[in-house]
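The values are calculated or read from the model by the stated rules, or taken from the named source; none is laboratory data. The shown structure was predicted, so the numbers you read here are calculated from the model rather than taken from an experiment. Because the Cβ atoms are built from the backbone with ideal geometry, glycine has one as well, and the counts that use them run over all protein chains shown.
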Ligand SMILES: Nc1nc2c(ncn2[C@@H]2O[C@H](COP(=O)(O)OP(=O)(O)OP(=O)(O)O)[C@@H](O)[C@H]2O)c(=O)[nH]1
Ligand SMILES: [Mg+2]
């Protein structure tokens, strides 16, 4: 079981950006950070990237091994670099109550160092959650294989791994999108997921979801899903919920077996009891009748939209495996997904992200 604290006032959240992709994500989180309880750590073998990353602390791992020149797409080097810097990483990990990480799988640093960092956190009894990208197919099989191996290793140690396959960006945004723009979209989604988790854990809710609740849900076995939906009108809440549960950027997950769900409603103003009940009932109908459903509500005046919904469900089962993303869909389904993306800004209805195998109970 996690080491728990009783209230979220003094909660310290470590946000780690690991490798190039993770550091890119940190840059956008840093610029829009609202909570002082979130401490941002950039972790990389690449000195130049670290110098251009905005964070509270830059951690150059494996300085002796790589001399600050990166891991050269070799996860073994990424792992050895993290091992070399074990004491420094442990100090950071022990200063956090919960750790959220952004990383890109498919290179050397993120793929090699992330499972090791997850292992260290797990050994210290700290909950650790990853949001990880998977490489574009066009980057080749070499990177794709590296990513898949890294993902499997990561799942062994992390409490949850939420994957964002870069290929899904092409499916939704079309082939003509520029590479930098596609990365920008992806980073914004990574950011959005991490920000929602930070908001949920940091802001004292009218109905509060605290780390104990979070730990209970994350202790469930099986696949897990995480989705965020946003809207401005209370009457649009069900559409936002639908957006969170059916985002075209990710593969479908069957929630009907899920036994643990957190629904977090963040709003600028109060929501009616009717809307609150409608949201919880709608989610409850989609999961196991025996599911533990925890619903929190927080008033956050600084929200960009009036309402934001976060749904985390564990013990779900995937309908597709990652390798088959998109291939299993019928052409009509692809078309409807595309149509959806053209009518909505993906920043406004962010991700319903497939999240892999949380830690077994007791981890
Ligand atoms: N979505 C997104 N994906 C990225 C970004 N940068 C890199 N990636 C992906 O992440 C994978 C790993 O790339 P990096 O994060 O640059 O690699 P690294 O972990 O720094 O590893 P080395 O440079 O080899 O030490 C790539 O194959 C890309 O698919 C980014 O900004 N956004
Ligand atoms: Mg790099």
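Restricting to the stretch 73-91, name every residue that is farther than 15 Å from residue 153 by Cβ and surrounded by fewer than 20 Cβ atoms within 10 Å (Cβ to Cβ).
Result: 73, 84, 86, 87, 88, 90, 91.
Identify all residues within the stretch 135-155 that are more than 16 Å from ligand 2 (Cβ to nearest atom) and at pLDDT 90 or above; write none if there are none.
Once the filter is applied, which keeps residues that are more than 16 Å from ligand 2 (Cβ to nearest atom) and at pLDDT 90 or above, the stretch 135-155 yields 140, 141, 144, 145, 148, 149, 151, 152, 153, 154.
Please find, among 79, 65, 90, the residue that is in a helix (DSSP H, G or I), within 16 Å of ligand 1 (Cβ to nearest atom) and either farther than 23 Å from residue 144 by Cα or out of contact with any helix residue (DSSP H, G or I) (no Cβ under 7 Å at 6 or more places or on another chain) (or both).
65
Criterion first (touching a residue at least 12 places away in the same chain (Cβ under 8 Å), in contact with a helix residue (DSSP H, G or I) (Cβ under 6 Å, 6 or more places away or on another chain) and either over 21 Å from residue 49 (Cα atoms) or away from ligand 2 (no atom under 16 Å from the Cβ) (or both)) does residue 118 satisfy it?
Yes.
Read through the list (1) within 26 Å of residue 189 (Cα to Cα); (2) buried (at least 21 other Cβ atoms within 10 Å of the Cβ); (3) modelled with pLDDT of 95 or more, then give the number of the only condition that residue 57 fails.
Failing condition for residue 57: (2).
Which residue is farthest from residue 192 (Cα to Cα), if the candidates are limited to the stretch 259-299 and must be in contact with a strand residue (DSSP E or B) (Cβ under 8 Å, 6 or more places away or on another chain) and exposed (fewer than 15 other Cβ atoms within 10 Å of the Cβ)?
The selected residue is 270.
For the stretch 93-104, enumerate the residues that are in a strand (DSSP E or B) and away from ligand 2 (no atom under 12 Å from the Cβ).
Listed by number, the residues that qualify are 98, 99, 100, 101, 102.
Keeping to the stretch 44-58, report how many residues are within 11 Å of ligand 2 (Cβ to nearest atom) and either touching a residue at least 40 places away in the same chain (Cβ under 8 Å) or assigned to a strand (DSSP E or B) (or both).
3
If you go through the stretch 29-43 one residue at a time, how many are outside any strand (DSSP E or B) and surrounded by fewer than 22 Cβ atoms within 10 Å (Cβ to Cβ)?
The total comes to 8.
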